[in-house]
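Here's the structure, in structure tokens; my notes come after.
The values are calculated or read from the model by the stated rules, or taken from the named source; none is laboratory data. Here the structure is a predicted model, which means the values were calculated and not measured. Positions of Cβ are backbone-derived with ideal geometry, glycine not excepted, and every protein chain shown enters the neighbour counts. The accessibility values were calculated without ligands, DNA or RNA, using every heavy atom of the protein model including side chains. Shrake-Rupley method; radii C 1.70, N 1.55, O 1.52, S 1.80 Å.
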Amino acid sequence: MVKESSSSSSSSSPDEEADIQNLLEESDSQINQYRGSDAAAEQRPTFDVESLRSRLRRSLKLNLTKKQSIVIFLPIVIILIYLSTDFSNYFSVKVPDSVFRSNTLSGRAHESDLQALYLLRKQESDLFSIWNHTLSNLSTIEDVKSAIFRQVSLNRQIQNALLSPHKTGNVELGGSADSYLAGGNCRKIDRKLNGRRTIQWKPRPDKFLFAICLSGQMSNHLICLEKHMFFAALLNRVLVIPSHRFDYHYSRIIDIDRINTCLGRTVVVSFEEFWKKDKSRKKHHHVHIDRFICYFSKPEPCYVDKEHITKLKALGITIGGKLDTPWEEDTARPSNKTAEEVETNFRSDDDMIAIGDVFYANVEREWVMQPGGPVAHKCKTLIEPNRLILLTAQRFIQTFLGKNYISLHFRRHGFLKFCNAKNPSCFYPIPQAANCITRLIEKVEAPVIYLSTDAAESETGLLQSLLILNGKTVPLVKRPARDSAEKWDALLYRHGLEGDSQVEAMLDKTICAMSSVFIGASGSTFTEDILRLRKDWGTASECDEYLCANEQPNFVADHE
């Protein structure tokens, strides 16, 4: 075999040698155009085809052309990669016979060959980089997997480049990297409902618990409300949802009646409904809270100040006795409490009691945080967006995003000072954030990112300009302003919910909760509520993460 190659090489004409040389020089010229101005800074792979050809000539005394050298060199590289890594499960190419039909468009073929050659050289460089740094830098399995997946993705591009001039229709590559990455690297998390620990919520119809949720914004209040449900179940009471004149307008955000449907009995009522049904109102024209119990005693009992007391009185609510607390608890250092401790310390024979604020309460955390929550019911979750918001989110996804998209909660307003008070900080410079997001895009291969943010346009504009993968910009999609020509938000408009900031916030949460992969903001309850929905709905992915997880900001400002 070696003699045949040598003989064939020696018989090649000078014209043929010159043509091949010209073709390679032209290839190098066009490859440089693909790489752009930054290509000069890239380090060339340490393994050089020319030096290998020279050594082969000296050792075997052969006169090999470049074309023949590549024929010899490529099988060696392929064998080395095959022996070191099992790619058999990653993809298998199934190309229809129509792909190999004659194509007279030589220009397309020539261009695709040049692109494939560029990608092969890039892959060669990346593979040698992986080889040279495996022992020193790729210290974890995740690092190795990430490096391999990048090569699988690059190999897919090479296949498409080689096939592109021969395509006569939509050609599907069977067992593609797309399907492997989506199914293998970002699998949905099993909800594991079989071993779920639950409590039956069977309240006495004449015993009520008035929910007090005052700390933070809507996300904090929803988390507080979920914990109140657990307390009401432990104490066998019907939960009274606060009025929008004292708290948020919950009926515009969540479906209260659906909670009762999920349990098959009345376990929650709105304040307005409770007011109508309370027979004592007709006689006394007020609702009386017999006992007001504070879960936390510090920094101030229940977070209830004179302003909140005034609001309660304006609703026709009177409070018997003083605010009391069964124990010493500080919101800054909440201790672990058991269900038995709650039952013992909050048990009462009074008809109406109020407990607040329980947002920071740490009671049976593992029990409360399991998929579906601690209360037995027949739905996926008890607290979820109302039907109008859910349908609007689905219509937005169908209009702008499609099935496979990443969602990003990019919290910025007021977050700089909040995060810098922590060690380490959770506020990242935009270029660093863009690098973190791009790495995940590369893994998921999603075409778009849904952006939920309070950031200024200057920040989101810079972020968008930096989200580039394989020479293409990955678009950030935000909800547009209302346009009568668009119908995705018509339900909100018809029902008078348009322009409600809390409705829009819940709409954002819903779109994020339905994405393939979610990137959240560490320390944000808005993010935590999205993660709760994803966990309960079964949309949580193994690739869900906080922005730049396990990284520290590469620059942090001094304190004031």
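Hey, got a sec? Which trypsin sites (Lys or Arg not before Pro) in the range 428-537 land in a DSSP loop and have at most 14 other Cβ atoms within 10 Å?
On the way: sites: Arg439, Lys443, Lys472, Lys478, Arg482, Lys487, Arg494, Lys509, Arg532, Arg534, Lys535; in loops: Lys478, Arg482, Lys487.
For trypsin sites (Lys or Arg not before Pro) across the range 428-537 that sit outside H, G, I, E and B with at most 14 neighbouring Cβ atoms in 10 Å, the list reads Lys478, Arg482, Lys487.
Only Lys, Arg, Asp and Glu carry charge here, each on its Cβ (+1 for the first two, -1 for the last two); on that basis the range 198-331 has a dipole of about 720 debye about its Cα centre. For the listed peptides 334-342, 422-430, 288-296, 385-393, a ranking on the average number of other beta carbons within 10 Å per residue, highest first, reads 288-296, 385-393, 422-430, 334-342.
Could you give the dipole magnitude of the range 369-461 about its Cα centre, charging the beta-carbon of Lys and Arg +1 and that of Asp and Glu -1, in debye to the nearest 20?
With only Lys, Arg, Asp and Glu charged at Cβ, the dipole is about 340 debye.
Once the Cα-Cα distance is subtracted from the 0.36 nm per residue extended length, the Asp500 to Thr198 segment shows a gain of 105.2 nm. Give me the distance between the Cα centres of the range 426-499 and the range 361-415, rounded to whole Å. Between the Cα centres of the range 426-499 and the range 361-415 lies a distance of 18 Å. Taking a threshold of 32 Å on the Cα-Cα distance, which of the pairs Lys192/Lys443; Lys277/Lys509; Lys313/Lys509; Lys311/Lys487 fall above it? Over 32 Å Cα-Cα: Lys277/Lys509; Lys313/Lys509; Lys311/Lys487. Here each label is just a point 7 Å from Cα along the line to Cβ, and for Asn550 and Ser458 those points are 3.5 nm apart.
Each label point was placed 7 Å from the Cα along the Cα-to-Cβ direction; for Lys322 and Ala490 their separation is 6.0 nm.
The modelled label-to-label distance for the pair Ser348/Arg191, using points 7 Å beyond Cα in the direction of Cβ, is 3.5 nm.
Is the range 220-378 best put as rounded, prolate or oblate by its Cα gyration tensor, with a ≥ b ≥ c the root eigenvalues, rounded for a/c under 1.5, and otherwise prolate when a/b is larger than b/c, oblate when not? The shape class here is oblate. The residues of the range 189-314 expose, per residue, 49 Å² of accessible area to a 1.4 Å probe. In order along the range 199-213, phi translates into HN-Hα couplings of 10, 7, 9, 10, x, 6, x, 10, 10, 10, 10, 8, 7, 10, 10 Hz, rounded to whole numbers, per the Karplus curve 6.51 cos²θ - 1.76 cosθ + 1.60 with θ = phi - 60° and x for Gly and Pro.
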